[in-house]
Structures are given as C-alpha cells and as structure tokens.
1. How many residues are touching a Gly at 6+ places or on another chain (Cβ under 9 Å) and modelled with pLDDT under 90 if we restrict to region 111-123?
2. Tell me the residue from Gln188, Gln196, Gln201 that is modelled with pLDDT under 80 and in a helix (DSSP H, G or I), please.
3. Of the numbered conditions (1) in contact with a helix residue (DSSP H, G or I) (Cβ under 6 Å, 6 or more places away or on another chain); (2) in contact (Cβ under 8 Å) with a residue 60 or more places away in the chain; (3) surrounded by fewer than 17 Cβ atoms within 10 Å (Cβ to Cβ), Thr184 satisfies every one except a single condition; which is it?
4. Hey, which of the strands (runs of 3 or more DSSP E) in region 29-88, taking only ones fully inside, have at least 2 residues that are more than 30 Å from Val225 (Cβ to Cβ)?
5. Can you tell me which of (1) in a loop (DSSP other than H, G, I, E, B); (2) over 25 Å from Phe239 (Cβ atoms) is the one Pro146 doesn't meet?
6. Quick check on region 147-156. Is at least one of its residues closer than 19 Å to Tyr43 by Cα, buried (at least 18 other Cβ atoms within 10 Å of the Cβ), free of Cβ contacts under 8 Å to residues at least 40 places away in the same chain and out of contact with any Cys (no Cβ under 7 Å at 6 or more places or on another chain)?
7. Look at Gly100 and say whether it is of a type outside the set (Lys, Arg), on the phi > 0 side of the Ramachandran plot and in a loop (DSSP other than H, G, I, E, B).
8. Of Leu111, Leu63, Leu44, Leu97, which residue is aliphatic (A, V, I, L, M), more than 27 Å from Leu26 (Cα to Cα) and surrounded by 19 or more Cβ atoms within 10 Å (Cβ to Cβ)?
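The values are calculated or read from the model by the stated rules, or taken from the named source; none is laboratory data. Just so it is clear, the structure is predicted and the values come from calculations on it, not from any experiment. Note that we place each Cβ from the backbone using ideal geometry, even for glycine, and neighbour counts take in every protein chain shown.
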Amino acid sequence: MMKLSLTSVGAAVGLALISASANAALSPPAQNLTSAPGSTGLYLAVYDSASNNNEIVNLGYSLSSVNLASGNLTPNAANSAFVQTTAPTGTGTVLQLNFGEISGFTGATPLFSSANAATTGFTVIAATSGGAGQEEFLATASSTPPTAYSGVSGIVSNIQSEIASWAAAAPNSGDLQDTTGTQTYSVQSGTLKSGQLSTGQFFNGSLNTATSFYDVTTTSAHKAVVTAYANATGAGYWFLSSSGDLTYNVPTAGVAPVPLPAAVWLLGSGLLGLAGIGRRRVAA
C-alpha cells in the first residue's frame, strides 16, 4: 500500500492508493425505483441550475455494501457486478459498475439532456451516524471534502434528513423528480443544498466528466480521515453521461475485449476448411 498523509488545521487527511481487491459480495447494479433507500442507502442526486429540474434516484446499495474500506468498489478482476470495458472518458480500460440510464434522462419529456449538460450537476452519496469514530459518508466531489468533525456531523445529518424527507414524501418510490426545486426532498431547496452540501461544494460533478468518490470517517472531536481509493493504474470515479448512463469505473491495465468482425470469423472458417482439404489429400 502507498499512503500519502496531509495534515491541516483541525484535520488529518489521508489519501490512500491501494492495490485493488476483488469483490465477491456486491450484487449486479440496478436502480431501485419502487422504494426509497434506507437511512444508509446510496443514491444519486442530479440538478439543473438553469431549469430547477432535479431528481434523486435510489441506487439499491447500502453504505456498508459499497464501503470503500472493504474494497467492494475497487476490484482487480471482472465479476458479476463489474465488467471490463473501455473507459467512458474514452481513454484506457476500466472495470465498470453500470447502473444504466437514469429515468430523468429518458421519456417524452426528460428532465435532463445533452442540451443542458453545461448547467447539470450530480453527486452520489450515502451516510451513517454514530458519534466520533463512527460517523461516515461517501460522496462525489471534484476536490477533497471538508474534514473538520463539525462539518462531517453536519453533512451526515443533512444526508439522513434528506432521506427521511424523501421517504415521507413518497415511501413507495425510489425515483423522485421535482421540476420546481421547492419540494422537501428537492436537491435545489432541500437539506442537501444547505451548509457544506451546497451546490458549490458537492454538487459539482459535471456530466461527461470523471468525478472522484470519497469516504470521510471521523476519528476524534476535530479530525476526520478522507480516503480516495484506487489501484496501481489510477483512481476510481463516477461518470454520468449526457444521455443519463451512470457508471462507477475502476481503471485497469487490462485490454477491453474487442468483438471480431464477421469477416474475420469467415476467414478463420475458410482457413480451417483448407486445412481439412490438405489433410485429406495427404491421407489419399
């Protein structure tokens, strides 16, 4: 393991670059559009600052099932959840967890599209509370999250308040859309936009842009550890395309499988046929 530690006033920040470990427990990804997530559920929040359209989607995993410390999001080989493919950024190869197209990007009147990609932001987030040493959240951000204990506590509280508002508003829906930005579960006006979860701090993942995933865990009254996991090839990242396809990507040095053209298969079968003729002539 390679570990770089940074110390600042009132905080200890550790960024770890680790060898990826295989995941045997994580199930294949699927959006859960029939129920709100539990208090530690992982979900996607998307907003368009120009139109006030926003949406939150239950991603069907709990914080414990995707906890970065367990290695569940840093595999070193393809498995039932992660598929080896070309990176969505267009460069390199990744092991990819693909959630498919988000509902707000499809249908007759989609909330988001490539036309408003420049004003659309997103974050993927989850949290658990329990006091110093136990409070933790996972979130996407383009820069290292705040690490003061009071900040972590506020973030955890805001995340769980948002989930509670979401569940109360629509307990049987894992996909909530708000076109006015005024609902209690709204990304625009709800608790997620307040304090250190403001749009400038965490909702800065842009469409078609790799966005880092951080694990923030408290250690004492005024300290927290921030961890961004990666393998020897590079850091893992979330990617939300302008067509609404959400993926988590772990870089790998492997080469993505490339389907062979039909002509190649025909050539191969032809060569095998010639080889068979040759053998028959020798035998004759």
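1. The number of residues fulfilling the criteria is 4.
2. Numbers: Gln188 fails: in a helix (DSSP H, G or I); Gln201 fails: in a helix (DSSP H, G or I).
Exactly one residue qualifies, and that residue is Gln196.
3. (2)
4. 54-62, 83-86
5. Of (1) in a loop (DSSP other than H, G, I, E, B); (2) over 25 Å from Phe239 (Cβ atoms), only one is false for Pro146: (2).
6. yes
7. No.
8. Leu111
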